[in-house]
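Take a look at the structure below.
The values are calculated or read from the model by the stated rules, or taken from the named source; none is laboratory data. Note that this is a predicted model, so its numbers are computed, not measured. Don't worry about glycine lacking a Cβ; one is built from the backbone with ideal geometry, like all the others, and counts go over all protein chains shown.
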Amino acid sequence: MTVLASPSPAKPGTFTTTGLRVNTRSLHQPRVMFSNVGWLCVIAALCLSVVGIAAIATTESSYAVRQVFHLCLAVIGALVMALPHYRWMQRLAVPLMLLALALLVFVLIPWVPQSIVRPRGGARRWIDLGITDFQPSEVAKIAYIITLATYLRTRQNYRGFLGLLIPLALSGIPMVLVLIEPNLGMTMLFLPTFFAMLIAAGAKIKHIALIIVLGLSMAPASYPFLRPHQRDRIDALLAQVQGDPRHEDDIGYQGARAMTLVGAGGVLGVGKQKAADLIEYNHLPEEHNDMVFAVVTCRWGMLGGVAVITLFLVFFTGGLLTAALCKDPFGRLVAVGIIASMFSQMTINIGMTIGLLPITGLTLPFVSYGGSSMIATWLMVGVLLNIAMRRPQYMARRSFEFDEG
Amino acid sequence: MNKDKFIPSMFHRRLVLVLGVIVLAMSALGAQMFRLTVVEGSVRRAAAESKLDRRTYLPTTRGRVLDRQGRVLALDQASYDIAVEYDVITGSWMAFQATDEARKKVGRARWTELNPEQRIQAINEFLPSWQAKSDRLWFEIRKAGNLSAEKLQRQLDAIKADVQTKAVSVWEQQFLREQALYGTTEVQFQARPIREQSQPHVILPRVSDDVAFEFKRLQMELPDMFEVASSSRREYPWMNAEVPLPRNSLPRTIRHADPVTIKVAGVADHMLGAVRDEVWAEDIKRRPFFDPETKQPRDLGGYLPGDVVGTRGIERVFEDTLRGTRGMVNERRDTQERNRVEAEPGTDIHLTIDIALQARIQALLSPQYGLTRVQDWQNNQLLPQGMALNSAAVVIEVESGEILALVSMPTLAMGEVMNPLQKQINMPVVNRAAEMPYPPGSIIKPLTLAAAAKENLFALGNSIECEGHYFEGKPTIARCWFYRERYGMGTHGPLGAEEALARSCNIFFYTLADRLGIERLTAWLGRFGLGRALDIGLMHPSTDEDGLTILVGERAGEIPTPKVIQELRDKRELKYSEVILGIGQGPVTWTPVQAANAFATLARGGVIRDATLLTHDPRGSRPPRCEDLNLGRPVVEAALEGLRRSVMEEYGTGHHITYEEDKVREIIINAEKVNVWAKTGTAQAPAMPMDSNRDGVIDKKDTPLKGVDHSWFVGLVGPKDSNKPMHAIAVVVEYGGSGGRTSGPIANQVIRALQSEGYLPGDADAPSAAFISAAGEPEPEDDGGDE
């Protein structure tokens, strides 16, 4: 149905019939594209999850079965995330962040009974929900991305240097809360996400570079403030990199075993039974979550490892294409944020497995065993799919808002 | 409007930047993976596979050392040790156990809530029962080991002190090493408990099987507190003996109708050597069990901590032969297949010595017997009567060159009970028979004669005139011993070779030495084995103070080198040194074993067969020297005749001793049914170190005693009817003075010892020695070889 309006000179803020006609057409077209770049991410994620299940099955077939169950739950969750327009996330950003912060503080409260917050290895990170454990830091991660995207979309001052420092300082709040748990690994994910989103939003590269350089040069000064086991891991890495076998059997044993098994895989891998034996007798710790990449490389060799990395590359490419094709600034930033956080996690995990980075408690997305991390990661896939699915809107739509406001 | 923020081109550029970072990171990961899997892949695979092997190592035994009669001189003896855990010794074990029990009873949650006083209260409830267990254990140990409470406590305190000191020094060393390598500071250094702090310590070593069994039963009541460990100890069953020696053939001052039993300790200990049960870093470096890179077993004969290593003597020289190889059982954890390499015990070493003869000769040389003390008949003007003297004796079988006895006094065992000053004076560590070069003195004369005769510089049958002093117009140097106040400035007149040897006329041999010249005489002495270590089987490498590797265990002695000859020439002393070389003075020294060896060579007519302790050398290193000096019968006969006359003719220096007070004479060699050919020697010795200022230590402030002589008696002995020498004997008494008077009677007893042990016909009525095993019970000697 067309509405005729009186022709008038084009003026900013008014619309012409053509624009109206187009917009009306757009009002009628379905707002969802079923074939979109986001499926690339979904396929890559699915392949990675299957690889993960196979890797877990090398040593623990019961866990593999459970992981299938987690995968199903996660995929459902992702689809649920994909359905409503992601605009609602923008609106719920601040409440979500506050909820996440509240949960983070909740986990840290010492009076909370152990039936709810069960410490594992001295770390208070998980809330016990009966069927699975749930990490508030995962929620915090997603909330952070969304909140930061909202912030960046409505502000401009991050083009200046001082303007950068404000969000950086505000990011410090969730970071510190996660760090206290302690969870150094997860904390380390916030910063690359922050930088990536800022770069995508348009902050000046030299400002970002300056901050990174300053940060790296101050990092060694933080060494004394680290917990002993965190310091141990850095010592162990330094020793390992120098080829010094001092710590191979005590604090550095995880890294040493992982590197041995990665190397043992050779180019083509050693096959399931042999890999299972080698992993068992070399006492690889955490072989189904933190160190799962070592299992992959041991069983399928360098080619297997390269395949996994390539699948991640496909995933990231899909995500970046989603960001590129999306015209909505919020959507773009959320996509970039998700990709950045996943990329950092993948790099830190694989880096620690192959001996380039100190051991942290980070798992490999999609591949590692774990209900809460699987669901949380797939939820992010759902968000990506959500963003990719939405028909790109014209710029003019935005002017609607400004006109009313 | 904020359009410029989202200019597609800028945003997309940024995205490309992000993608670039991603690809870069992935390449880094890929490169590292390539390095691990391809470059280091095989090494890592091997390392990972090695964890699939479950290896156990099978123990082995060290080879034995046997004497010529097959008696076992050194062997591994299996036994049990009772070893108590270090924590039980210090008492902390009981505290841990009580704490554990208390914590379990109170409950983990409640435990964290208790304050320290409440905790201690809870622990104290349980402590007594654990304490009672510890008391029970110590009670049983005291009972089994027959130890008083104080003695046991002293032992435990010693262990604790020892471990603490060791811990401190180990940590210090570790800290310094880490500091040197990695720049650690004290804060970063982590002192981990040393091995000894988490190990059991032996409280009752080598208990009997019954006791071991009782303790094994006790272990069921008191678990985890102690260990009944099977061990093996290196035992030397023939180390101590009681030797009954007859005294009826001794010089009258000490003669007695009844025999005396001499206790000897450390029989052949210089030769046999010792082992230590600590493996040092250099042992592991020399022969590691595990390859340092791959950590796989490389050499099953290699060293592991806790192994036994030879430190000196035969145990050290033949370490690699005596050491066996371990066995290995390798089980693959995945396939369960096993393969097994059996352990090989070490190879036995057979020595040529006769331990019973060795013990007997050692008893003869003991000061307790009397012959090695300063006695009246020796006419020693410089040393006090009754002073004990150090000595050495060697017996070699002429035909084969095998050493039947190699005795050095004092032995190492005797040295262990000496105070530092005595050790400094007597040097018990030195094996005088092979490691102490002495000036030969007149003993060398038969060799001078042989050299001159072979060089056709002296025709046998000719004479040389002794005029008292050699150099015309210089009556005070290069004199005959006869040309002295005491003997009325006597001269021998013209003498043939045999008589010159028997009378030991110096002039005769100055003449021969002069005719030979120093180079030729030196060359001949070298042919007879001087100036060169004989390598009888005691030489092994060692590091000296400067870090250089030298060979120790035997010394080569000294003969004039071209450099020394040149120096003498420059100092214008060459002529003098040349002539006195003929009588064994000047820059010439040899060890007793070289002396006996040279005489054996002479007896063989010049056939070289270097003296040896081994029936065959398992090292198979060098082929034995096979040379023949071809002395020829006339030379040998002349020399032997001279030596015979020395002992048998009244004018011979080895014939009799005279008692000063009543001028009574006694024959030196009174053994019957044997022929003896021998030479006495009174060699001018370097000044004797003394603690003259009695400050308890010998240093530059003390004046050494000058004018002393070493006493030599070296010769050959054979059965009466065969007229062929069968054994070569060398006896030397340090600072003993006259050769015939001091060493002569000893050599006489050595001959009688050979008779007692059946090597020579004659006096076989001497009772056999009783050897005492380490546990203190005398074992009857397995007598090998009566007549």
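If we scan segment B:242-264, do we find a residue that is of a type in the set (Asp, Glu) and assigned to a loop (DSSP other than H, G, I, E, B)?
Filtering segment B:242-264 for residues of a type in the set (Asp, Glu) gives B:242, B:258.
Filter once more, so that each one left must be assigned to a loop (DSSP other than H, G, I, E, B): B:258.
Yes - at least one qualifying residue is present in segment B:242-264.
Among the residues of segment A:297-339, the one identified as more than 10 Å from chain B (Cβ to nearest Cβ) and basic (Lys, Arg) is A:ARG299. For segment B:382-395, the candidate set comprises residues that are without any contact (Cβ under 8 Å) to a residue 24 or more places away in the chain and more than 15 Å from B:PRO428 (Cα to Cα); within that set, the residue that is surrounded by the most Cβ atoms within 10 Å (Cβ to Cβ) is B:MET387. Out of A:ALA307, A:ALA264, A:ALA276, A:ALA324, one residue alone is of a type in the set (A, V, I, L, M, F, W, C), more than 28 Å from A:MET380 (Cβ to Cβ) and surrounded by fewer than 24 Cβ atoms within 10 Å (Cβ to Cβ). It is A:ALA276. Among the conditions (1) touching an Asp or Glu at 6+ places or on another chain (Cβ under 8 Å); (2) surrounded by fewer than 23 Cβ atoms within 10 Å (Cβ to Cβ); (3) modelled with pLDDT of 85 or more; (4) not β-branched (Val, Ile, Thr), A:GLY361 misses just one, which is (3). Just so you know, in segment A:340-353 the residues that are under 8 Å from the mean Cα position of the chain (by Cα) and of a type in the set (A, V, I, L, M, F, W, C) include one that is nearest to the other protein chains (Cβ to nearest Cβ), and it is A:PHE343. Whenever a residue of segment A:243-272 is farther than 12 Å from A:GLY304 by Cβ and at pLDDT below 80, it has no partner that is in a loop (DSSP other than H, G, I, E, B) and acidic (Asp, Glu) lying with C-beta atoms less than 7 angstrom away and at least six residues away or across chains. Taking the numbered list (1) modelled with pLDDT of 85 or more; (2) closer than 22 Å to A:LEU179 by Cα; (3) facing another protein chain (nearest Cβ under 10 Å) in turn, A:ASP235 passes all entries but (1). Could you list all residues from segment B:62-113 that are more than 30 Å from B:ILE203 (Cα to Cα) and either of a type in the set (Lys, Arg) or part of a strand (DSSP E or B) (or both)? Across segment B:62-113, the qualifying residues are B:LEU66, B:ARG68, B:ARG71, B:ARG103, B:LYS104, B:LYS105, B:ARG108, B:ARG110. I'd like to know if segment B:52-68 contains one or more residues that are crowded, with 17+ Cβ neighbours inside 10 Å and within 7 Å of chain A (Cβ to nearest Cβ). Among the residues of segment B:52-68, at least one is crowded, with 17+ Cβ neighbours inside 10 Å and within 7 Å of chain A (Cβ to nearest Cβ), which makes the answer yes. For segment B:96-144, a residue qualifies if it is acidic (Asp, Glu) and at pLDDT below 80, and exactly one does: B:GLU113.
Tallying residues that are crowded, with 22+ Cβ neighbours inside 10 Å and within 12 Å of A:VAL334 (Cβ to Cβ) within segment A:77-92 yields 2.
Among the residues of segment B:98-111, are any in contact (Cβ under 8 Å) with a residue 40 or more places away in the chain, within 57 Å of the chain's Cα centre (by Cα), more than 7 Å from chain A (Cβ to nearest Cβ) and surrounded by fewer than 17 Cβ atoms within 10 Å (Cβ to Cβ)?
The initial filter retains those residues of segment B:98-111 that are in contact (Cβ under 8 Å) with a residue 40 or more places away in the chain, namely none.
No: zero hits.
Among residues of segment B:1-23 that are within 7 Å of another protein chain (Cβ to nearest Cβ), those with a beta-carbon under 7 Å from a residue that is modelled with pLDDT under 85 and not in a helix (DSSP H, G or I) at least six positions away or on a different chain give the pairs B:ASN2/A:GLN156; B:LYS5/A:GLY202; B:MET10/A:GLY202. Of the residues making up segment B:393-431, just one is more than 16 Å from the chain's Cα centre (by Cα), over 23 Å from B:ASP535 (Cβ atoms), not aliphatic (A, V, I, L, M) and not in a helix (DSSP H, G or I), namely B:ASN419.
Can you name the condition, by its number, that B:ILE314 falls short on among (1) in a strand (DSSP E or B); (2) in contact (Cβ under 8 Å) with a residue 60 or more places away in the chain? Here B:ILE314 meets the rest and fails (1).
Pairs linking a residue in segment B:552-565 that is within 17 Å of B:ARG527 (Cβ to Cβ) to a residue that is among the aromatic types (Phe, Trp, Tyr) and buried (at least 18 other Cβ atoms within 10 Å of the Cβ), with Cβ atoms under 6 Å and 6 or more positions apart or on different chains, are B:GLY557/B:TRP590.
Looking for something modelled with pLDDT under 80, of a type in the set (Gly, Ala, Ser) and touching a helix residue (DSSP H, G or I) at 6+ places or on another chain (Cβ under 8 Å) - is there at least one such residue anywhere in segment A:197-205? Scanning segment A:197-205 turns up at least one residue that is modelled with pLDDT under 80, of a type in the set (Gly, Ala, Ser) and touching a helix residue (DSSP H, G or I) at 6+ places or on another chain (Cβ under 8 Å).
Of the residues that sit in segment A:200-213 and are in contact (Cβ under 8 Å) with a residue 24 or more places away in the chain and of a type in the set (Val, Ile, Thr), which one is farthest from the other protein chains (Cβ to nearest Cβ)? It comes out as A:ILE211. Got at least one residue in segment B:289-309 being among the polar types (S, T, N, Q) and either within 14 Å of chain A (Cβ to nearest Cβ) or out of contact with any Lys or Arg (no Cβ under 6 Å at 6 or more places or on another chain) (or both)? Yes: one or more hits. Mind checking whether some residue in segment B:454-461 is modelled with pLDDT under 90 and outside any loop (DSSP other than H, G, I, E, B)? Looking for residues that are modelled with pLDDT under 90 and outside any loop (DSSP other than H, G, I, E, B), one finds at least one in segment B:454-461, hence yes.
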